[in-house]
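For reference, the structure discussed in these notes is given below.
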Amino acid sequence: MIVLGIEGTAWNLSASLVDDDEVLCEASSAYIPASGGIHPREAAQHVANNIAGVIRQVLSSTDPRLIEGVAFSQGPGLGPCLRIVGTAARALSMRLGVPLVGVNHCIAHIEVGRWKTHLVDPIVLYVSGANSQVLSYRQQRYRILGETLDIGIGNCLDKFARSAGLPHPGGPKVERLAQESRNYLPMPYVVKGMDFSFSGIVTAATEALKSASLEEICYSFQETAFSMLVEVSERALSQMDKSDLLLAGGVGANKRLQEMLSVMCAQRGARFSAPKSEYLQDNGAMIAYTGLLMLRHGIQTPIASSGANASFRPDEVEVLWIETH
Amino acid sequence: MDRDTLEVVTGAEAVVVLHGHSVVKQRVPKDYRIAELDTKLRRERTRLEAKIQSDARRAGVPTPIIEAVDGFSITMERIEGPPVHSVMNEVVAEAIGAVLCALHSAGIIHGDPTTRNMIFSAGRVYLIDFGLSSYDRSLEARGVDVHVFFQTLEATDDRFPALKDAFLAGYSRNCSDAALIVEKVNEIKERGRYL
């Protein structure tokens, strides 16, 4: 089965064709803000200007008659972007005469990770700009065990980076600067059960700009925030008696975070895995592949219920494609 | 290890040795964290756990008696019984509600009230693992505490709706502002969302 997927929830517009075994092709167009962070209206304009191009590119790589479904990111994400993606997906599914399937963006991050790492039933640490969650599959659903009580880790990094005058996206720049220091400045470490909070770190780090070096602050910021994420991941492994951990989402590309998770897993005899960066960041293949899983299990999205869902929660999705023992 | 040692349990952050009538909980170093942060967290949590757990007990909340504190380890009374998640039903959920209300009424937030951090013993619910606890009487802090409990219950038990009602019945028996807490929990659930 070949499925075409379109991702466009925030910064990366991407279309892809996948079959059951591999990604056949992908075309992407990233929105890079001229200054500051992601502006919803500009992001939507970017999607509107480039969506025909990325779709045309993937369509030209195959005989369109082989495509058996059109999947699209239905949410969560920026409403204006989601609406354009949805409109394009509806038009394409009608034009090709194939089923439409609306995909939850968070679930897609998890599924592409499971696909590429071959972990069957892991605890998932999902970290992106707006989202930071620890999830675990149980009885047809990904259950949210813990999540941020305020902002996502990526937005937290970007927010600090902006106040430090670093251009968007701030995460990779903070990661590089952090490597230049080993001097730890204490920052608010807030873990409540498996929930956590990052807003205190942003405030403390921004305040520290007056008196400490940027390298020191970036180092301390990462060590504090990531330790919180690793701690809750370990709690989840322990609480659910699972022994595999999957990292998903764009912030997962951070090498220090990967290293810490891998050390934690090694220390407790668990297995850690993350897909390559191209499948950690937002990508069309994850939408196409999740759509394929859904279509294989008889799930389609009628036009009437294909509207954008900006606050779509992963635990709203019935997951029929996982077999655990 | 001497011959009285019965069992060693490795939790997420500590190694727990059941030893006769006592339990020794040792917070082990975590290699993933830098030493400064790791040592600080383990020391603070150990100290806080011993102190707040004693205070909770003094306020009438069932918790194990603290026998000794030493650096990163606490020796405490051993409570015989299963963790509540393995005996969960509406009666137990209601008892948990009453215990959490008693704790909150004493101005204490547990910080990690999951079903694995409670022991069911002789018809009573004992709270353990006070490592993330704090003194706080605010509606916000109490709401987060109840939210954490609901979240783990919902993730692990299919009878969640009925258990939640039973918990609230127990909580509201002596905490007259339970309705405000429910409102707070709903508000907290709405945060941390995409936009």
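The values are calculated or read from the model by the stated rules, or taken from the named source; none is laboratory data. All values derive from a computational prediction rather than experimental measurement. Note that we place each Cβ from the backbone using ideal geometry, even for glycine, and neighbour counts take in every protein chain shown. Just the protein is used for accessible areas: all its heavy atoms, side chains included, with ligands, DNA and RNA removed. Shrake-Rupley method; radii C 1.70, N 1.55, O 1.52, S 1.80 Å.
Per-structure values
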{"quantity": "Matching residues, the stretch A:35-47, being in contact with a helix residue (DSSP H, G or I) (Cβ under 8 Å, 6 or more places away or on another chain) and either open to solvent by 50 Å² or more (accessible area, probe 1.4 Å) or in contact (Cβ under 8 Å) with a residue 60 or more places away in the chain (or both)", "calculated": "A:Gly36, A:Gly37, A:Pro40, A:Arg41"}
{"quantity": "Residue among B:Arg57, B:Arg78, B:Arg45 that is within 16 Å of the chain's Cα centre (by Cα), charged (D, E, K, R), within 14 Å of chain A (Cβ to nearest Cβ) and farther than 20 Å from B:Ala178 by Cα", "calculated": "B:Arg45"}
{"quantity": "Residues within the stretch A:98-129 that are open to solvent by 20 Å² or more (accessible area, probe 1.4 Å) and either more than 13 Å from every other protein chain (Cβ to nearest Cβ) or among the hydrophobic types (A, V, I, L, M, F, W, C) (or both), tallied", "calculated": "9"}
{"quantity": "Single unsatisfied condition, B:Val87 versus (1) open to solvent by less than 40 Å² (accessible area, probe 1.4 Å); (2) out of contact with any Cys (no Cβ under 6 Å at 6 or more places or on another chain)", "calculated": "(1)"}
{"quantity": "Qualifying residue in the stretch A:5-18 (condition: at pLDDT 95 or above and surrounded by fewer than 15 Cβ atoms within 10 Å (Cβ to Cβ))", "calculated": "no"}
{"quantity": "Tally of residues being farther than 20 Å from A:Val174 by Cα and either under 12 Å from the mean Cα position of the chain (by Cα) or within 11 Å of another protein chain (Cβ to nearest Cβ) (or both) across the stretch A:246-269", "calculated": "8"}
{"quantity": "Residues being buried (at least 19 other Cβ atoms within 10 Å of the Cβ), touching a residue at least 24 places away in the same chain (Cβ under 8 Å) and outside any helix (DSSP H, G or I) - total across the stretch B:145-195", "calculated": "1"}
{"quantity": "Any hit, the stretch A:289-300, residues being in contact with a Leu (Cβ under 6 Å, 6 or more places away or on another chain), of a type outside the set (Ser, Thr, Tyr) and touching a residue at least 24 places away in the same chain (Cβ under 8 Å)", "calculated": "yes"}
{"quantity": "Matching residues, the stretch B:124-144, being in contact (Cβ under 8 Å) with a residue 24 or more places away in the chain and either facing another protein chain (nearest Cβ under 8 Å) or part of a loop (DSSP other than H, G, I, E, B) (or both)", "calculated": "B:Ile128, B:Asp129, B:Phe130, B:Gly131, B:Leu132, B:Ser133, B:Asp136, B:Arg137, B:Val144"}
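Matching residues to (1) surrounded by fewer than 24 Cβ atoms within 10 Å (Cβ to Cβ); (2) closer than 20 Å to A:Ser233 by Cα; (3) among the hydrophobic types (A, V, I, L, M, F, W, C):
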| residue | (1), (2), (3) |
| --- | --- |
| A:Ser132 | no, yes, no |
| A:Tyr142 | no, yes, no |
| A:Ile151 | yes, yes, yes |
| A:Cys156 | no, yes, yes |
| A:Val174 | no, no, yes |
| A:Leu177 | yes, no, yes |
| A:Ser199 | yes, yes, no |
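Yes/no matrix, rows are residues, columns are (1) of a type in the set (A, V, I, L, M); (2) under 14 Å from the mean Cα position of the chain (by Cα); (3) surrounded by fewer than 20 Cβ atoms within 10 Å (Cβ to Cβ):
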{"position": "B:Lys30", "(1), (2), (3)": "no, no, no"}
{"position": "B:Arg33", "(1), (2), (3)": "no, no, no"}
{"position": "B:Thr63", "(1), (2), (3)": "no, yes, no"}
{"position": "B:Ile66", "(1), (2), (3)": "yes, no, yes"}
{"position": "B:Gly71", "(1), (2), (3)": "no, no, yes"}
{"position": "B:Pro82", "(1), (2), (3)": "no, no, yes"}
{"position": "B:Val91", "(1), (2), (3)": "yes, no, yes"}
{"position": "B:Ala106", "(1), (2), (3)": "yes, no, yes"}
